[in-house]
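What follows is a short report on a single structure.
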Amino acid sequence: MPDGQSISRRVGELGKRVEVLAFSLWPEAYAIMIGNIAEILKPLPITEVPRSGPEIVGVMSVRGRLVTVLDLKQRFKLARTFSFDNRSRILLVDVRGEQIGLLVDEVLGVYRLADHEIEPPTVMGSEHPPYIIGIGHPLGGTVLMLLDLAPLFSSSMG
């Protein structure tokens, strides 16, 4: 998983560009390194899990394998307003060898960010969540909060 320093290294490896998948959790835009995305799915039938945490929407079957689906709005302490519409997607991501589904409002697309289009998370102030590793400013695009998935799923975040 990328951290604050390795994102810069990755930008260098790609000829001063890094590819991210941008998505919205209305009204904010976020992005994850494209290498962390296994698949983008339209919402499949989801089964609720009794007595699960508030951020767990439930589980779904992806080609016979059960995948936990998380509501990122709840995880980020945004309004819990998950609902499915024709733009909703589930991002299947690999975290520590396990696939997890992340419910997002809409996929915005893939951006190739140049080094000068990425600022450190400190531009948000001295207190920023550990899962935000940078702020992307693609040309003509929206401001993207670049995420590191590992801190999102550590036991200390919860």
If ligands, DNA and RNA are left out, what is the accessible area of Thr47 with a 1.4 Å probe, given in Å² to the nearest 10?
-> 80
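Less than 13 Å Cβ to Cβ from Val143, Lys/Arg counted +1 and Asp/Glu -1: what total charge do the surrounding residues give?
-3
The values are calculated or read from the model by the stated rules, or taken from the named source; none is laboratory data. From a predicted model like this one, the values you see are computed outputs, not experimental measurements. Ideal geometry is used to build each Cβ from the backbone, glycine not excepted, and the neighbour counts take in all protein chains shown. Just so you know, the surface numbers come from the protein's heavy atoms only, side chains and all, with ligands and any DNA or RNA stripped out. Shrake-Rupley method; radii C 1.70, N 1.55, O 1.52, S 1.80 Å.
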